[in-house]
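Where a number appears in this text, it was derived from the coordinates with a stated rule and is not lab data. Remember, it's a predicted structure, so these values are computed and weren't measured experimentally. Reconstructed Cβ throughout: ideal geometry from the backbone, glycine too, with neighbour counts over all protein chains shown.
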Amino acid sequence: MKLTLITNDTEQLLLKKIVVAIISIFLLINLDAGIGANLLDMRKLVIPFIYLSLPILLLAKVIGWDILVVLRNQFVSMGVIVSLLNLIALLNDMSNPEQVSSYLKFTYGPLSIGILLSYLLFMYNRDVNYEVKLSRISKIFLLGATLVAVAASWFSVSAIISLNRVAALVDMSALQIVAVVLLNGYLYYGFQHKNLTEKMCRSSIFCCIVAAVVGVAYYVFAVGTADPKSVGPVIAVSLLCMLYGVVICYFTTIVGGKDHLTIKDAAYMDWHVIESYVFLTLMVFPPLSILGLFA
């Protein structure tokens with residue numbers, strides 16, 4: 001009898017959580033439609049989120065419903081990835097001023113959706129800790145699935161499928177910065193008791209921080225030269241450096257990089273990513289202030 005009561009209470013709580021999640025999403029859609037902002041654009045936001053949510057489903061048989069925990073730890077990274085892809089697409093085509101204005105609303109739109117979805121999944125708590133032990137082949141396969149998901153998201157955002165478009169996401173300077181940060185993270189004393197996946201996951205956050213700080217520093221220098229041609233490449237390097245860092249965080253989360261983190265520690269890592277992204281974009285792509293708007 002007691003077991004039956006516990007089961008009924010659990011089912012009722014789960015039902016309440018599902019109802020709250022549905023209401024929250026409905027209110028978000030209704031708010032976006034009422035304001036007319038069209039932040040929930042299918043091509044620039046919704047479809048990329050769907051693509052980026054697919055790789056973790058490959059582990060459904062291994063961890064069951066705990067894929068919701070992994071998704072919770074991924075959604076902020078997804079939001080930053082989609083936001084960065086929109087900004088990179090903007091940098092590749094700034095010929096039309098109207099297009100620039102329409103793209104800028106996706107600077108924070110995908111990030112806000114990622115934060116909201118992550119917050120909604122905090123309602124789900126696993127009963128026991130788990131540790132996914134994958135073979136090297138499985139990790140390589142998931143890495144391939146991650147790269148395909150990011151590429152598909154990029155094609156959706158940029159609306160062009162071509163090898164030249166893929167080349168826009170590759171920059172040797174950004175790759176070198178990320179490689180140096182990851183190497184330092186691997187040798188960092190504080191990570192000595194972590195496995196390689198956990199080291200990469202934590203070091204990826206430092207990639208975002210370095211991308212933000214170095215990006216702003218060189219952006220200020222480029223602006224000081226009064227040469228518009230030097231500004232674009234500097235912005236591109238900083239955005240791509242941060243993109244690489246967030247993609248590494250996104251991938252390592254799938255293969256166990258955050259398995260041993262508490263909810264508090266996982267949220268702490270997410271906030272570092274959010275702060276780095278917001279700091280960089282507010283410096284490089286500042287919105288028009290209300291005083292400037294009325295002026």
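Points worth noting:
- Cα-based Lys proximity count in region 37-286, under 20 Å, for pairs eight or more positions apart or on separate chains: 14
- Grouping the Cα pair distances of region 104-246 into 5 Å bins from zero gives a pair-distance distribution of 2, 8, 11, 15, 20, 19, 13, 7, 4, 1, 1, 0 percent in increasing distance order.
- Neighbour-count order for Ser173, Ser204, fewest beta carbons within 10 angstrom listed first: Ser173, Ser204
- Selection from Ala168, Ala179, Leu85, by position along the positive dipole direction of region 37-286 (Cβ): Ala179
- Region 37-286 - Rg over Rh from alpha carbon coordinates, Kirkwood radius: 0.96
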